[in-house]
Amino acid sequence: MTRMRITTAPEPVRTLPEVDMSTRLGSLVLPDPVLTASGCAAAGRELDPFVDLTAIGAVVTKSIMLKARSGRATPRMAETPSGMLNSIGLQGPGVDAFIEKDLAWLRQRGARAVVSIAASSIEDYVRLATRLRTVDGISAIEVNISCPNVEDRGQVFACDPVAAAAVIHGVRRATQSAIPVLAKLSPDVTDIVAVARSVVDAGADGLSLINTLLGMVIDPTTMRPALAGITGGLSGPAIRPVAVRCVWQVHAAMPEVPILGMGGIRTGLDALEFVLAGASAVSVGTVIFHDPSAPARISQELDVALAERGFARLADAVGFAHRAAEPVHPAHPVSPPGAEDTAESAGAEG
């Protein structure tokens, strides 16, 4: 007796069209929309064995202060169900050592460097920007006015539109428009659009959204706070919906302002969510701790996700979710911007 086996033909391999992944953050042109997030990869040396740092958008350095800083007491990191809590406290070598060692290494490596700066006073922000203005190898400055990992919450300038604007105004004057300036904002505010508008009016070329959320963990064994500093910054997948909401609100209010989106991005689809909400680029942070190749992987996944949805350019997808809702039929998906023009042109030629 002969047995018959019914098999199905394998699905043909689908070749996806190439996507133009280049993007802009103000005057800064990047070949790729995925950057590292400040504080999660130092100045990039640790990632170099796993990622081609010249291929990703840029390395966003750990926040640099004027002088060396030891940070907060230990323990200063704690795991949470969907992320982590950190209370590092802006530990770093100071700006001069950073320029001499870390920035020099990035420049030699050929990587684009976005330098994050932090300070406890407007005057120190201005001194940092002045010091960096004439240094080669800096693609942009990210002004960290929103770090929750400081002992004095009064130093979180991003919690007040007037204070935030004063910092950015000082940095903008110090850089004399020689370097693009991004303002990194906090989600721990009532109205993030008001803060965003104030820093843009003060001279910011773009916005980094968002920094970590202020959080706390209590150890049920010791029955005491898990962090020596009591509170810290919450990052990871748990904050992604908050970050997407902030990007959405700011883009809706100021669609012309470039946004660098961040907060819990683990996959290309996560990155796509930020792009659709209005981000022109994304920063990848917490995921790097267990997957140092994440920036390159997420870029590849985002490329595929855009191609599968019919986008020829990343730029066409930025803010796409803000378009008026259209009825979708399975056989007739919503076309990306520009598709109608292409179809009309093809019809005219045919």
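The table below gives the values:
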{"read-out": "Two-decimal log10 I(q)/I(0) for segment 132-283, as the Debye equation yields it once each C-alpha is a single scatterer, q = 0.21 Å⁻¹", "value": "-1.29"}
{"read-out": "Difference of contour (0.36 nm per residue) and Cα-Cα distance, Thr134 to Val29", "value": "35.8 nm"}
{"read-out": "Under 5 Å, built H, 5+ apart or other chain: amide partners of Leu213", "value": "Leu234"}
{"read-out": "Lys, Arg +1 and Asp, Glu -1 on Cβ, resulting dipole of segment 12-159 about Cα centre, debye, nearest 20", "value": "220"}
{"read-out": "From phi via Karplus (6.51, -1.76, 1.60), per-residue ³J(HN,Hα) for segment 195-202 in Hz, x at Gly/Pro", "value": "5, 4, 5, 5, 6, 5, 4, 7"}
{"read-out": "Segment 88-167 - Rg and Dmax from Cα coordinates, angstrom", "value": "13.4, 39"}
{"read-out": "Antiparallel bridge percentage (DSSP; both residues within segment 183-302; nearest 5)", "value": "45"}
{"read-out": "Ile218-Thr267 FRET efficiency (beta carbon distance; Förster radius 35 Å; 0.05 resolution)", "value": "0.65"}
{"read-out": "Antiparallel DSSP beta bridges within the chain, percent to nearest 5", "value": "40"}
{"read-out": "For q = 0.13, 0.14, 0.15 Å⁻¹, Debye-computed log10 I/I(0) when each Cα of the chain counts as one equal scatterer", "value": "-0.97, -1.11, -1.27"}
{"read-out": "Residue among Ile99, Val287, Pro31 farthest towards the positive dipole end of the chain, charges placed on Cβ", "value": "Ile99"}
{"read-out": "Within the chain: Cβ-based charge dipole about Cα centre, in debye rounded to nearest 20 (Lys, Arg +1; Asp, Glu -1)", "value": "960"}
{"read-out": "Residues with amide H under 5 Å from that of Val284, placed H, sequence gap 5 or more", "value": "Leu35, Thr36, Ala37"}
{"read-out": "Candidates Thr80, Thr23, Thr286, ranked by Gaussian network fluctuation over the chain, Cα under 10 Å, top entry", "value": "Thr80"}
{"read-out": "Along each principal axis, Cα extent of segment 141-222, largest first, Å", "value": "53, 23, 19"}
{"read-out": "Label-point separation, Gln176 to Ala253 (7 Å along Cα→Cβ), nm", "value": "3.3"}
{"read-out": "Residues of type lysines that Lys101 reaches as a straight line, Cα spacing below 19 Å, ignoring anything fewer than 8 places off in the same chain", "value": "Lys62, Lys67"}
{"read-out": "Cα-based convex hull, segment 38-118, per residue volume (Å³, whole number)", "value": "104"}
{"read-out": "Angle in degrees between helix 268-277 and the longest Cα principal axis of the chain, rounded to the nearest 10", "value": "80"}
{"read-out": "Segment 284-323: C-alpha gyration tensor shape, a/c 1.5 cut-off, then a/b vs b/c", "value": "prolate"}
{"read-out": "Cβ-Cβ FRET estimate between Thr74 and Asp291, R0 fixed at 30 Å, reported to 0.05", "value": "0.75"}
{"read-out": "Estimated distance in nm for a label pair at Gln300 and Arg245, the labels positioned 7 Å out from Cα along Cα-to-Cβ", "value": "3.5"}
{"read-out": "Listed residues Val162, Val114, Val318, most fluctuating in the chain (Gaussian network, C-alpha, under 10 Å)", "value": "Val162"}
{"read-out": "Residue-by-residue Karplus 3J(HN,Hα) for segment 66-80, coefficients 6.51, -1.76, 1.60, Hz, glycine and proline x", "value": "4, 10, 4, 9, 7, x, 8, 5, 8, x, 9, 9, 8, 6, 10"}
{"read-out": "Trp105 paired with Phe50, simple spin-label distance in nm, labels 7 Å along Cα-to-beta-carbon", "value": "1.6"}
{"read-out": "Cβ-based exposure ranking for Trp248, Trp105, in which fewest neighbours within 10 Å come first", "value": "Trp105, Trp248"}
{"read-out": "log10 of Debye I(q)/I(0), alpha-carbon scatterers only, for segment 1-147 at 0.12, 0.14, 0.21 Å⁻¹", "value": "-0.59, -0.75, -1.37"}
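None of the figures in this text is laboratory data; all of them are computed from the coordinates on show. Bear in mind that the values here come from a model prediction, so they are computed numbers and not experimental data. Reconstructed Cβ throughout: ideal geometry from the backbone, glycine too, with neighbour counts over all protein chains shown.
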